[in-house]
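**Student:** Below: one structure in structure tokens.
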Amino acid sequence: MAAPLNMEPPALSLELLPTDPLLLILSFLDYRDLMSCCYLSRRLNQLSSHDPLWKRHCKKYWLISEEEKSQRNQSWKAIFISTYSDLGRYIRYYATLKKAWDDLEKYLGQRCPRMIGSLKESVQEEDLDAVEAQIGCKLPDDYRCSFRIHNGQKLVVPGLMGSMALSNHYRSEDLLDIDTAAGGFQQRLGLKQCLPLTFCIHTGLSQYMALESVEGRNKYEIFYQCPDQMARSPSAIDMFITGTSYLEWFTSYVNKVVTGGYPIIRDQIFRYVHDKECVATTGDITVSVSTSFLPELSSVHPPHYFFTYRIRIEMSKDALPEKACQLDSRYWRITNAKGDVEEVQGPGVVGEFPIISPGRVYEYTSCTTFSTTSGYMEGYYTFHCLYYKEKFFNVTIPRFHMVCPTFKVSTARMVSRNAVVFILGVFFSDLLFSEETNDNEYAVDEDEDSTDTDEYEDRRRVLDIPAPSGRCPRHT
């Protein structure tokens, strides 16, 4: 007998769906929704416990591999739940930071093995809670998460956070362990509620993280301190900004390291930045330049921005033997941010007259200073041929730019300056104060042009690390 035409089909229900389509639907859910399904019905509870569904979440959030699962001898769901019970508060950050640490360890294990030995094991939640109680401030979750993976490193050389060597100036920054960082927590004026992240035993240099938005800083901002040398108040501290959060600061640094953005020299990471377009080839000779800003030798007041550059001169291995030549002199054209130009010419480089032959590389390090926050250099080397000594030619040095990081002027100085402006406004209302400023940059007078310092250059085919002796001799 035919069913009545007006009879409605039964309502579609998840309970009536076959198992395979339901499992496919559940495979698209996030872990929260998948866990919620356990409470909707008996069938969904059973299906939500299907172990392969949790494999994706274990790999996505905790980076658990098949090998690690086999070692644990647990189901994917059990692994996810047990890991979540320990690290759940860091689920937003853990995979990103764990991958950064894993990539860094793999890269350094091949190139800087002794640095791996300086890394410390992870800390526990109670250790981080104890530090918060000690300093009276909350630590950001991304910072805590990183220390659940590695508790920084021992105070050794080389430092994990990069090195720099120039003449008799040397630094190497360690990533501080949690107890050492807590011991250096600052409450003094100018650095209130700031926690050191790094430390260099040679220079005393640290990068700090602001744990609260005080004294003109943003919460969790990372910076190098720069005391205002023109202010009477010791609380007048300008800041060279290096990161807006721990996650951004650490992962961007690691990315630079593992992608080869920073060169490895004598088992150390050197924080030179190379612009891939900053290369010039003249005939068989190629010149490339990388640069670095040195905050420890720079100041905002007075305006003095110190940069170092590393030059690589290489002759093609396919060049003919008679192409061998010797460097005679250099010429620099140096331009600051105001467009002022200085020209410098002199014999050799670093007091030497290197010979370049097919396949040979010559590298050296030098420095320059600007009284503006940026500038650029370009020029050429003059060579003579060894086989045809009467033949001279110029080799182009590509233009390379040097830019100071974003900085903030100390609130102490800004308050003082505003008071001066107010007084001037009261007593000299017809006077206009023409200088402009904002939170990130401070307009300054230029008392000193940029200076080429080849006479203080130090060749570094293989960088030797000099004994610490303070500032670069250019500035003593």
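Every number here is computed from the coordinates shown, using simple stated rules; none is lab data. Here the structure is a predicted model, which means the values were calculated and not measured. Backbone-built Cβ (ideal geometry, glycine too); neighbour counts: all protein chains shown.
**Student:** What FRET efficiency do you get for Glu125 and Ser213 if R0 is 30 Å and r is their Cβ-Cβ distance, rounded to the nearest 0.05?
**Tutor:** Result of the calculation: an efficiency of 0.70.
**Student:** Would you please put 371-383, 108-120 in order of how densely packed they are, using the mean number of other Cβ atoms within 10 angstrom per residue and starting with the highest?
**Tutor:** So the order, starting with the most tightly packed, is 371-383, 108-120.
**Student:** Further question on the same structure: Would you mind calculating the gained length between Leu23 and Gln71 on full extension (0.36 nm times residue separation, minus the Cα-Cα distance), in nm to one decimal?
**Tutor:** 14.6 nm
**Student:** Suppose each label sits 7 Å from its Cα in the direction of the beta carbon; what would the Lys60-Asp86 distance come out to in nanometres?
**Tutor:** Result: 2.2 nm between the two label points.
**Student:** Round to the nearest 0.05 the FRET efficiency obtained for Tyr387 and Glu343 when R0 = 22 Å and r is the Cβ-Cβ distance.
**Tutor:** 0.10
**Student:** Do any trypsin sites (Lys or Arg not before Pro) in the stretch 318-357 lie in a loop, going by DSSP, with at most 14 other beta-carbon atoms within 10 Å of their beta carbon, and if so which?
**Tutor:** Passing sites in the stretch 318-357 are Lys338.
**Student:** Any chance you could get the radius of gyration and Dmax over the Cα atoms of the stretch 15-58, in Å?
**Tutor:** Expressed in Å, the Cα Rg and Dmax of the stretch 15-58 come to 9.5, 30.
**Student:** Within the stretch 204-285, report the trypsin sites (Lys or Arg not before Pro) that DSSP leaves as loop and that have at most 10 other Cβ atoms within 10 Å.
**Tutor:** Arg232
**Student:** In a shell of Cβ-Cβ distance under 14 Å around Ile81, excluding Ile81 itself, what net charge do Lys and Arg (+1) and Asp and Glu (-1) give?
**Tutor:** Taking every Cβ under 14 Å from that of Ile81, the sum is +3.
**Student:** Also: If you build the convex hull over the alpha carbons only and average its shadow over all orientations, what do you get for the stretch 94-259? Give it in nm² to one decimal.
**Tutor:** Value for the stretch 94-259: 10.1 nm².
**Student:** The stretch 344-387 to the stretch 259-286: how many Å between their Cα centroids?
**Tutor:** The distance from the Cα centre of the stretch 344-387 to that of the stretch 259-286 comes to 15 Å.
**Student:** Calculate the length of the line joining the C-alpha centroid of the stretch 166-244 to that of the stretch 86-124, in whole Å.
**Tutor:** 24
**Student:** Would you please state which residues of the stretch 223-263 a label at Lys106 would reach in this model, taking the label point 7 Å out along Cα→Cβ and a backbone N cut-off of under 18 Å?
**Tutor:** 251-262
**Student:** For the residue pair Leu16 and Ser316, what label-to-label distance in nm results when each label sits 7 Å from Cα along the Cα-to-beta-carbon direction?
**Tutor:** Simple spin-label model gives 7.6 nm for this pair.
**Student:** Rounded to the nearest 0.05, what FRET efficiency is calculated for Ser357 and Arg188 with R0 set to 51 Å and r the Cβ-Cβ distance?
**Tutor:** For Ser357 and Arg188, the calculated efficiency is 0.35.
**Student:** Would you list which lysines come within 16 Å of Lys55, measuring only between C-alpha atoms, while excluding same-chain residues fewer than 8 positions from it?
**Tutor:** Answer for Lys55, where 16 Å is the Cα cut-off: Lys69, Lys77, listed by chain and number.
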